[in-house]
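The values are calculated or read from the model by the stated rules, or taken from the named source; none is laboratory data. Because the structure is a prediction, the values reported are computed rather than measured. Reconstructed Cβ throughout: ideal geometry from the backbone, glycine too, with neighbour counts over all protein chains shown.
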Amino acid sequence: MRIVLFAGKGGVGKTSIAAASGVACAKKGLATLIMSLDAAHSLVDSFDLDKTLMDKNKGKPIRVAKNLSIQEVDAQEEIAKNWGEVHKYISSLLNISGIDEVLAEELAILPGMEEVSSLLYINRYVAQKRYDVILLDCAPTGESIRFISIPTSLEWYMKKLFDIERRIVKVARPVTKKLYAVPLPEDAYFDTIQRLFDRLEGIDRIMSDPEITSVRLITNPEKIILKETQRAYMYFSLYKMCVDAVIINRIFPEAVEDGYFARWKETQDRYIKKTEELFKPIPILKVPMLSDQVVGMRDLAKLAQEIYGGFDPEQIIYAETPYTFRKVKEDYFLDIKIPFLTKKEVELSKRNEELIVRIGGFKRHVLLPRNIATRKPSGAKIEHNKIVIKFGGSHGS
Ligand SMILES: Nc1ncnc2c1ncn2[C@@H]1O[C@H](COP(=O)(O)OP(=O)(O)OP(=O)(O)O)[C@@H](O)[C@H]1O
Ligand SMILES: [Mg+2]
């Protein structure tokens, strides 16, 4: 069983590459599902299918070829099904506070509800062993970060808050019923959340197991896109998900000799080199800009050939997580795994949120999470096969 997420900035080619990878997996005889996590679904368009097909199917998987299904989750449908009581309660609160009923229902779709619906599907498919490969076409970076944060934050909410909330409501309900117009949630509200949580059991382990789940970061050889790719990488590391490849898409091929594109080609060359340097040791796959947009089976198969060449799209290209962020009491630590070391002198420099670590010829760039970026590295030591960097005290002390 394999799960691969295709993530990156808007428009870099996530849907096309996820779809192409699916076509290639299915061709090998693997039972393959491509699932869209982007509310603005475009898988159907990528396969050049009729949109009404999906609408009629109410967001269930549809078969598009031998061994290959695609799924675009229908948010409204899923929210009604999974979040019924929670949605009802929140919209009643909004409605009481004077918001029009239809708008209240719309607003009561909280961030995260859609993502939970997709996670429920994934968890079920894994339990049923229904597919050999599940490929996830992610929303642009910001939203997909919310997606991967849900298993962790849900666990926290359930452990720390949920029981307390439930108990308070039990005690408070008889009193507040008489005093306030605002209703407290009924038991059904809590039951719904409890049921959802039970059905999500284990998803955090699945998503952070590098033997099952990998992230492929899609990027283009351009400054602004590269920056966002670094940021995405940092967040995936933070959530302990393994990035098994960086895919540089839309590289102008050698055959483009038009003078108009000469500068573009120089720029691309520069950022390809930069990407290789920044993401070392993660494998980099390079994909040319094809001669036309990528739409339909034939184009997708061609794109897959360009991405993977001879090797298997479902394989784990890389299973290490080279960076780990930890917090011990008030200090933060960053562990960087290194295969071998001869020198012992660690050189650290930090520019804004970027940390550069140098040991002889070994050099790594790490984009730091916000709460660590405000601190200065206060020491580094080498332990076995890793460098441990400490960020002590707050705000640079
Ligand atoms: N290597 C390529 N060669 C030619 N065209 C490409 C290539 N990769 C992607 N495209 C085209 O670029 C456009 C955007 O690609 P795609 O929809 O896959 O990006 P996306 O990252 O999923 O976008 P969004 O963030 O909007 O979901 C599409 O028209 C697609 O056909
Ligand atoms: Mg897309």
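Going residue by residue through the stretch 232-240, is there one that turns out to be at pLDDT 95 or above, outside any strand (DSSP E or B), among the hydrophobic types (A, V, I, L, M, F, W, C) and out of contact with any Pro (no Cβ under 9 Å at 6 or more places or on another chain)? Before the answer, list the steps.
At the first step, the residues of the stretch 232-240 found to be at pLDDT 95 or above are none.
No, there is no match, as no residue in the stretch 232-240 is at pLDDT 95 or above, outside any strand (DSSP E or B), among the hydrophobic types (A, V, I, L, M, F, W, C) and out of contact with any Pro (no Cβ under 9 Å at 6 or more places or on another chain).
Could you list, in sequence order, the residues of the stretch 1-34 that are more than 10 Å from ligand 1 (Cβ to nearest atom), surrounded by 24 or more Cβ atoms within 10 Å (Cβ to Cβ) and under 22 Å from D74 (Cα atoms)?
The answer is V4, L5, G22, T32, L33, I34.
Suppose we filter S117, S69, S153, S149 for residues that are surrounded by 13 or more Cβ atoms within 10 Å (Cβ to Cβ), hydroxyl-bearing (S, T, Y) and at pLDDT below 85; which single one remains? Explain how you work it out, then say what you get.
Details: S117 fails: at pLDDT below 85; S69 fails: at pLDDT below 85; S153 fails: surrounded by 13 or more Cβ atoms within 10 Å (Cβ to Cβ).
Of the residues listed, the single one that is surrounded by 13 or more Cβ atoms within 10 Å (Cβ to Cβ), hydroxyl-bearing (S, T, Y) and at pLDDT below 85 is S149.
Which count do you get for residues in the stretch 329-338 that are modelled with pLDDT under 90 and either surrounded by fewer than 16 Cβ atoms within 10 Å (Cβ to Cβ) or aromatic (F, W, Y) (or both)?
Let us first name the residues in the stretch 329-338 that are modelled with pLDDT under 90, namely 329-330, 336-338.
Restricting the remaining residues to those that are either surrounded by fewer than 16 Cβ atoms within 10 Å (Cβ to Cβ) or aromatic (F, W, Y) (or both) gives 329-330, 337.
Number satisfying all stated conditions: 3.
Restricting to the stretch 377-397, count the residues that are of a type in the set (K, R) and either in a helix (DSSP H, G or I) or surrounded by 15 or more Cβ atoms within 10 Å (Cβ to Cβ) (or both).
First pass over the stretch 377-397, keeping only residues of a type in the set (K, R): 381, 386, 390.
This time we only want the ones that are either in a helix (DSSP H, G or I) or surrounded by 15 or more Cβ atoms within 10 Å (Cβ to Cβ) (or both), so: 386, 390.
Final tally of qualifying residues: 2.
Taking the stated definitions as given, is V12 in contact with a Lys or Arg (Cβ under 6 Å, 6 or more places away or on another chain), within 16 Å of ligand 2 (Cβ to nearest atom) and either within 21 Å of E115 (Cβ to Cβ) or not in a loop (DSSP other than H, G, I, E, B) (or both)? It would help to see each step written out before you state the result.
Numbers: in contact with a Lys or Arg (Cβ under 6 Å, 6 or more places away or on another chain): no; within 16 Å of ligand 2 (Cβ to nearest atom): yes; either within 21 Å of E115 (Cβ to Cβ) or not in a loop (DSSP other than H, G, I, E, B) (or both): yes.
So V12 does not fit the description; no.
May I ask you to say which residue of R199, R195, R216, R205 is under 26 Å from V12 (Cα atoms), in the same structural domain as K159 (by TED's automatic domain parsing) and either of a type outside the set (V, I, T) or part of a helix (DSSP H, G or I) (or both)? Before you say what the answer is, go through the steps one by one.
Details: R199 fails: under 26 Å from V12 (Cα atoms); R195 fails: under 26 Å from V12 (Cα atoms); R205 fails: under 26 Å from V12 (Cα atoms).
Just one listed residue meets the conditions, R216.
Could you say whether any residue in the stretch 25-42 is acidic (D, E), assigned by TED's automatic domain parsing to the domain that holds V294, within 16 Å of ligand 2 (Cβ to nearest atom) and in contact (Cβ under 8 Å) with a residue 12 or more places away in the chain? Break it down into steps so the answer makes sense when it comes.
Within the stretch 25-42, the first condition is being acidic (D, E), and the residues that meet it are 38.
Going one step further and asking which of them are assigned by TED's automatic domain parsing to the domain that holds V294, we end up with 38.
From the residues that got through so far, the ones that are within 16 Å of ligand 2 (Cβ to nearest atom) too are 38.
Next cut, in contact (Cβ under 8 Å) with a residue 12 or more places away in the chain only: 38.
Scanning the stretch 25-42, I find at least one residue that is acidic (D, E), assigned by TED's automatic domain parsing to the domain that holds V294, within 16 Å of ligand 2 (Cβ to nearest atom) and in contact (Cβ under 8 Å) with a residue 12 or more places away in the chain, so the answer is yes.
For the list (1) in contact (Cβ under 8 Å) with a residue 40 or more places away in the chain; (2) closer than 22 Å to Q293 by Cβ, I need the number of the one condition that P253 fails.
(1)
Please verify whether the stretch 249-267 includes one or more residues that are assigned by TED's automatic domain parsing to the domain that holds G8, within 23 Å of the chain's Cα centre (by Cα) and at pLDDT 95 or above. First the steps, then the outcome.
Here is the first cut: in the stretch 249-267, the ones assigned by TED's automatic domain parsing to the domain that holds G8 are 249-267.
With the extra rule that they be within 23 Å of the chain's Cα centre (by Cα), the set shrinks to 249-250.
Adding the requirement that they be at pLDDT 95 or above leaves 249-250.
Yes, the stretch 249-267 contains a residue that is assigned by TED's automatic domain parsing to the domain that holds G8, within 23 Å of the chain's Cα centre (by Cα) and at pLDDT 95 or above.
In the stretch 353-367, what count of residues is obtained for those that are buried (at least 19 other Cβ atoms within 10 Å of the Cβ), of a type in the set (A, V, I, L, M) and out of contact with any Phe, Trp or Tyr (no Cβ under 8 Å at 6 or more places or on another chain)? Write out each step before concluding.
Filtering the stretch 353-367 down to residues buried (at least 19 other Cβ atoms within 10 Å of the Cβ) leaves 355, 357, 359, 364, 366-367.
Filter once more, keeping what is of a type in the set (A, V, I, L, M): 355, 357, 359, 366-367.
Still in the running and out of contact with any Phe, Trp or Tyr (no Cβ under 8 Å at 6 or more places or on another chain): 355, 357, 359.
Qualifying residue count for the region: 3.
Can you work out which of the residues in the stretch 35-60 that are away from ligand 1 (no atom under 13 Å from the Cβ) and in contact with a helix residue (DSSP H, G or I) (Cβ under 6 Å, 6 or more places away or on another chain) is farthest from A304 (Cα to Cα)?
Kept after step one, since they are away from ligand 1 (no atom under 13 Å from the Cβ), are these residues of the stretch 35-60: 35, 49-60.
Still in the list and also in contact with a helix residue (DSSP H, G or I) (Cβ under 6 Å, 6 or more places away or on another chain): 51, 54, 58-59.
On the way: K51: 24, M54: 24, K58: 29, G59: 26 Å.
My answer is K58.
Here is a yes/no grid of residues against (1) closer than 29 Å to E211 by Cα; (2) surrounded by 14 or more Cβ atoms within 10 Å (Cβ to Cβ):
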position: K81; (1), (2): no, no
position: E85; (1), (2): no, yes
position: N95; (1), (2): no, yes
position: I99; (1), (2): no, yes
position: M113; (1), (2): yes, yes
position: I122; (1), (2): yes, yes
position: Y131; (1), (2): yes, yes
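Where the second residue is at pLDDT 85 or above and within 16 Å of ligand 2 (Cβ to nearest atom) and the first is more than 17 Å from A232 (Cα to Cα) and lies in the stretch 134-155, which pairs have Cβ atoms under 6 Å and are six or more apart or on separate chains?
Going by the 6 Å Cβ cut-off, the qualifying pairs are L135/V4; L135/A18; L135/S21; L135/G22; L135/I34.
Answer yes if at least one residue in the stretch 62-76 is outside any loop (DSSP other than H, G, I, E, B) and within 15 Å of ligand 1 (Cβ to nearest atom), and no otherwise. Give the steps one after another, and end with the answer.
If we filter the stretch 62-76 for residues that are outside any loop (DSSP other than H, G, I, E, B), which is where we start, we get 62-65, 68-72, 75-76.
From the residues that got through so far, the ones that are within 15 Å of ligand 1 (Cβ to nearest atom) too are 70, 72.
Yes; the residues of the stretch 62-76 include at least one that is outside any loop (DSSP other than H, G, I, E, B) and within 15 Å of ligand 1 (Cβ to nearest atom).
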